Each structure stands twice: as C-alpha cells, then as structure tokens.
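Notes follow once the structure below has been shown.
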Amino acid sequence: MVKKFSGSNKSAVALACLLASWGAQAQSNVTIYGILDAGVTIVDDAGGSSRKLVDTGVMQGSRFGFRGSEDLGGGLRANFLLEQGILLDTGTLGQGGLAWGRQAWVGLSSDQFGSVLVGRQYDLMYDALISFHTPTVSAGGYANNVVDNDRLSGQRLNNSVKYRSPKMAGLTFSVMGAAPEGAANGAGKAGSAGVLYASGPLTLGAGYTYVRGATVDIRSLVTSATPVVMGGSFSRTLGAGGSYVLGQTTLHGLYSQAEFGGPTSGKFRNYEAGVAHRLGSWNLGLAYAHTKLSENKYDQLDLTADYFLSKRTDVYAQVIGQKASGAGARAAIFLLPGSSTDEQAAFRLGLRHAF
C-alpha cells in the first residue's frame with residue numbers, strides 16, 4: 001500500500017531530510033582540558049627576609065577550559081574557546097577573579113581565507129613571539145622579563161577582533177584591534193600585528209602592540225621609586241625572535257622593547273638567549289636574560305630540570321638568579337616579592353599535570 005502525504009506532511013518530511021543532511025555535514029566536537037601546576041618555592045630575599053611559598057602556575061599557568069569546533073563544510077569551521085585561570089594554593093580564580101580570564105572568544109576559520117576571532121584574547125606580541133620566549137621554551141613564569149614589561153607572560157586585550165591569515169609559503173600574518181567601549185580617554189584602545197615564518201627547523205617571528213592608557217608599576221625595581229607608576233598615556237611594545245631545532249636540542253633568542261609614555265616615561269630593552277635539550281624523559285633548560293631601563297640593568301640566569309613521569313605529568317626543579325645594577329636598582333624576579341638588595345635567588349620544586 002502506498003501512503004500519500006498531504007502538503008504539510010511533505011513539507012515536514014523535506015525539513016527532516018534537510019536537517020538530517022545538515023547533521024551529517026556539520027560535525028562538531030567539544031574538548032574539556034586543563035593544566036594543574038603547583039609547588040614550593042624558596043626565595044632568599046623577599047622584602048628583606050627569606051621566604052617559603054606554596055606557589056601555583058609557575059611552569060605553566062593553571063587553567064580549566066572548553067574548546068570546540070564545528071565543521072560547516074567547504075573548509076569553513078566555527079570555533080570557540082573558554083578558559084579560566086585557577087590559583088591552586090587558594091582555590092580562587094586567576095586574572096583578578098574573572099570567570100574566563102585567560103581567554104574567551106568565538107570565531108570562524110577558513111582553509112582558504114584564514115580566521116577571525118572575537119572576544120578576550122592574547123595580543124600578537126604573545127602569539128608571534130611566545131615560541132622563542134624562555135619561559136615557554138624551558139623555564140616557566142619566573143623567567144619572564146622584569147615586571148613583564150614586554151607583555152610576553154601572556155597579556156590579553158578585551159573587546160578585541162583578531163584576523164589570522166592562512167599559511168602561505170611558511171608565512172602567517174595577523175592583525176588585531178580592541179575597542180575602549182566608553183573608557184575614559186579611550187583607555188584600552190589597542191592595535192597589534194604579528195608575523196611568523198616557519199621552514200623546517202627554523203622559525204622566525206616579529207610582533208607589535210600599542211595600548212592607550214597602559215601603565216607599569218616599577219616600585220619593585222628601584223629603591224624608593226617615585227613615582228611608582230610609569231606611563232599613563234600609552235605603551236608601545238615590539239619584538240623579534242627565532243628558534244632553531246637540532247635533533248633534541250632547541251636554540252632560541254629574542255629581543256623586545258617596551259616604551260611607556262605619560263607623565264613619567266621610560267623604555268625597557270630586553271635580550272634573551274637560551275637552549276633546551278630533551279634527554280629521554282628529561283627536558284633541560286639554560287637561559288640568560290638582560291634588561292635595561294635607563295641606566296639600570298637586570299641580568300638573570302635560569303636553570304631548569306624537568307622530568308616527565310608520563311605524557312601528562314611531570315616534576316621539575318628550577319634555580320633562578322637575578323643581579324641588578326645602577327642607581328638604587330633592586331632585583332625583582334617576576335611573580336615573586338621584590339628583593340631588598342640588588343640580588344635575588346629562588347629555588348623551586350614543582351608538579352604539573354595536564355588533562
């Protein structure tokens with residue numbers, strides 16, 4: 001017996017077939033992931049006395065997140081990422097307590113035309129230069145340049161739109177803008193650009209970021225710093241770096257500078273070089289960084305031994321030392337309380353687990 005369909009039934013069947021077709025074409029997935037990093041740090045001089053700290057997010061920032069994508073067909077995909085920072089020592093949120101303080105964006109990507117992302121995301125100093133930066137290569141957060149003047153610890157821009165080109169002959173370029181959205185004097189308005197080139201063992205990159213209204217606190221770097229804040233009108237950071245892989249060894253180098261304009265102006269210049277070597281389950285790192293601020297200089301040596309118990313769990317030990325020189329200069333390893341003198345050293349034992 002042949003069943004006849006009315007006009008409305010035919011429409012319902014057609015719609016069901018269309019939805020089934022879309023479901024077959026549009027394949028989506030969502031991944032839950034995270035990194036948990038905690039350990040004990042001993043600092044020889046933290047404001048005049050030695051201290052023992054239970055510190056978190058040093059080798060990598062502790063985080064919990066969701067990432068997802070949907071295949072829309074024809075090489076087009078919808079993507080999103082929500083990522084929050086976690087302070088394991090207190091159980092609180094990082095980035096000042098923001099729910100999704102590390103990253104929060106949604107976008108479209110095309111194999112042919114590149115990708116557009118909208119939300120809270122890393123600027124292009126970070127995207128273009130992070131693979132040459134000592135902390136990411138081997139040494140963790142303590143190895144960032146003093147007061148993170150060049151933004152390479154991973155600073156973000158709110159209300160931002162980022163475009164990233166497809167890779168062409170090993171070359172990728174990106175541009176980015178952020179809106180102040182009513183902030184006083186346009187504070188937070190930003191522009192950023194970056195370029196990456198990768199060919200075989202060689203990778204090169206350059207980045208630039210301008211932020212209106214940006215400031216930096218320098219009280220930890222200079223005895224009785226007056227005023228304690230530099231900038232207020234703008235910050236302008238730029239840098240270039242590269243890495244070269246020789247078997248199990250990676251050589252990396254980076255130059256960056258950061259200019260802060262305002263009632264009190266100044267410019268930082270940073271030079272980094274290092275080597276990371278994989279030896280069985282060990283990842284060993286040695287790096288040196290030099291920062292100059294006016295006549296003051298800050299030299300830092302970073303040593304790391306990282307042992308992987310599995311693909312997702314490792315234990316590590318670090319020795320970090322910094323020497324400051326210049327009128328009133330004080331040592332100040334990033335993320336740690338500043339020293340009362342021109343020298344500071346820290347030793348850390350940590351555990352990291354990824355899921």
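The values are calculated or read from the model by the stated rules, or taken from the named source; none is laboratory data. Here the structure is a predicted model, which means the values were calculated and not measured. Note that each Cβ is placed from the backbone with ideal geometry, even for glycine, and that neighbours are counted across all protein chains shown.
Here are some notes:
- Some residue of region 164-173 being among the aromatic types (Phe, Trp, Tyr), assigned to a helix (DSSP H, G or I) and closer than 25 Å to LEU202 by Cβ: no
- Number of the exception - SER131 against (1) among the polar types (S, T, N, Q); (2) under 20 Å from TYR316 (Cβ atoms); (3) more than 15 Å from the chain's Cα centre (by Cα): (3)
- Extreme residue, surrounded by the fewest Cβ atoms within 10 Å (Cβ to Cβ), among residues of region 182-225 that are in contact with a Ser or Thr (Cβ under 6 Å, 6 or more places away or on another chain) and among the polar types (S, T, N, Q): THR203
- Filtered residues of region 219-250 (kept if among the small types (Gly, Ala, Ser) and either assigned to a loop (DSSP other than H, G, I, E, B) or under 16 Å from THR134 (Cβ atoms) (or both)): SER220, SER224, ALA225, GLY232, SER233, GLY239, ALA240, GLY241, GLY242, SER243, GLY247
- Residue check for SER138: outside any loop (DSSP other than H, G, I, E, B) and closer than 30 Å to ALA346 by Cα: yes
- Any hit, region 107-119, residues being at pLDDT 95 or above and crowded, with 23+ Cβ neighbours inside 10 Å: no
- Residues of region 103-138 satisfying the condition of being over 12 Å from ASN79 (Cβ atoms), aliphatic (A, V, I, L, M) and out of contact with any His (no Cβ under 7 Å at 6 or more places or on another chain): ALA104, LEU124, MET125, ALA128, LEU129, ILE130
- From the options ASN144, ASN149, residue that is modelled with pLDDT of 95 or more, in contact with a helix residue (DSSP H, G or I) (Cβ under 9 Å, 6 or more places away or on another chain), within 23 Å of MET59 (Cα to Cα) and crowded, with 17+ Cβ neighbours inside 10 Å: ASN144
- Members of region 226-235 found to be under 18 Å from ASN296 (Cα atoms) and either free of Cβ contacts under 8 Å to residues at least 24 places away in the same chain or buried (at least 20 other Cβ atoms within 10 Å of the Cβ) (or both), listed by number: THR226, VAL228, MET230, GLY231
- Residue in region 240-249 that is under 18 Å from ARG151 (Cβ atoms), in contact with a Ser or Thr (Cβ under 9 Å, 6 or more places away or on another chain) and crowded, with 19+ Cβ neighbours inside 10 Å present: yes
- When each of THR249, THR209, THR264, THR223 is tested for being of a type in the set (Val, Ile, Thr) and either free of Cβ contacts under 8 Å to residues at least 24 places away in the same chain or closer than 22 Å to ASP302 by Cβ (or both), the lone residue that passes is THR249.
- No other residue among GLY68, GLY96 is at positive phi, outside any loop (DSSP other than H, G, I, E, B) and not basic (Lys, Arg) apart from GLY96.
- Of the criteria (1) exposed (fewer than 15 other Cβ atoms within 10 Å of the Cβ); (2) at pLDDT below 95, which one ASP89 fails: (2)
- Some residue of region 157-177 being over 23 Å from PHE113 (Cβ atoms), surrounded by fewer than 18 Cβ atoms within 10 Å (Cβ to Cβ), modelled with pLDDT under 95 and among the polar types (S, T, N, Q): no
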